[in-house]
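Asker: The structure under discussion is supplied below as structure tokens; questions concerning it will follow.
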Amino acid sequence: MRSTNEWKTIGRPGWFGESRDEFIKKQDHLYGQGNWRIRHKLGPRTLDFNEAVQLYELSYELDFNHPDRRYIWNELVRTAEDVWTEQLTDLKSGIDYSIQLAPAAHYEDISIRRILDKNHLKFKGDKLIRIRADSEDLIGKILSSIHIPFIYPGYIESSINDKMPWWDRHKGSLECFWHLNKILQVKRKPPLSIEEEFAIYGGEPSS
């Protein structure tokens, strides 16, 4: 396992949305493939994707287990055939976060499927319900990540450049965490070897 000192945080990119692929191409051009990465900050810790998305799912699970919110989930199970967030291709993701076919990443729908699967529940309805803040279905709005409290709200970072985009309107939300705590890291350049110093600067290699 490589030391985290190999990586340097250079920015907070915020929300990607449908510009995700464009962002990736830009970073590949600037730093080269494999020389940059996206992580999430949680206090002093730097989380990889799997660790961050586990907190994402856990936040949804706490909502599922909250006695005052269970009726919402029961209604979802009763009325939905399945759920989606960005495009209907989201259905192909099933319970696998790595399957991302839409231009923008989607985790809400996958988290919901995973939680129901974990609790041996299956959709019983006949409606495809969109889980997003602008969903046409009330349940879809309520269960969007902008309305799900993050499990550790005290660790959510401050707003970026004092701006308040749509995903930063509900303080303490899961959506806030996902975008505000996202960081861009690049590989630190390793120190030159003695031979490299000699080749570049000439003269006697430093000791």
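The values are calculated or read from the model by the stated rules, or taken from the named source; none is laboratory data. Here the structure is a predicted model, which means the values were calculated and not measured. Here Cβ is always computed from backbone atoms with ideal geometry, including for glycine, and neighbour counts include all displayed protein chains.
Asker: Identify, by number, the condition in (1) in contact (Cβ under 8 Å) with a residue 24 or more places away in the chain; (2) assigned to a loop (DSSP other than H, G, I, E, B); (3) within 18 Å of residue 57 (Cβ to Cβ) that residue 99 doesn't meet.
Answerer: Failed condition: (1).
Asker: Also, I was wondering about something else. What do you reckon, is residue 102 within 21 Å of residue 124 (Cβ to Cβ) and among the small types (Gly, Ala, Ser)?
Answerer: no
Asker: Moving on. What do you reckon, is residue 203 modelled with pLDDT under 90, out of contact with any Leu (no Cβ under 9 Å at 6 or more places or on another chain), at positive phi and surrounded by fewer than 17 Cβ atoms within 10 Å (Cβ to Cβ)?
Answerer: Against the criterion (modelled with pLDDT under 90, out of contact with any Leu (no Cβ under 9 Å at 6 or more places or on another chain), at positive phi and surrounded by fewer than 17 Cβ atoms within 10 Å (Cβ to Cβ)), residue 203 qualifies.
Asker: Looking at 24, 10, 38, can you tell me which residue is over 30 Å from residue 128 (Cα atoms) and in contact with a Lys or Arg (Cβ under 7 Å, 6 or more places away or on another chain)?
Answerer: From the options 24, 10, 38, the qualifying one is 38.
Asker: Of these, 63, 90, 126, which one is more than 23 Å from residue 183 (Cβ to Cβ), in contact with an Asp or Glu (Cβ under 6 Å, 6 or more places away or on another chain) and either among the hydroxyl-bearing types (Ser, Thr, Tyr) or surrounded by 13 or more Cβ atoms within 10 Å (Cβ to Cβ) (or both)?
Answerer: 90
Asker: Moving to a separate point now. Six or more apart or on different chains, Cβ under 7 Å: which pairs go from a residue in the range 27-50 that's of a type in the set (A, V, I, L, M, F, W, C) to one that's outside any strand (DSSP E or B) and surrounded by 10 or more Cβ atoms within 10 Å (Cβ to Cβ)? Could you list them?
Answerer: 36/27; 42/152; 42/155; 42/181
Asker: Got a sec? Which of 73, 36 is surrounded by 17 or more Cβ atoms within 10 Å (Cβ to Cβ) and within 25 Å of residue 185 (Cβ to Cβ)?
Answerer: One residue alone meets the criteria, 36.
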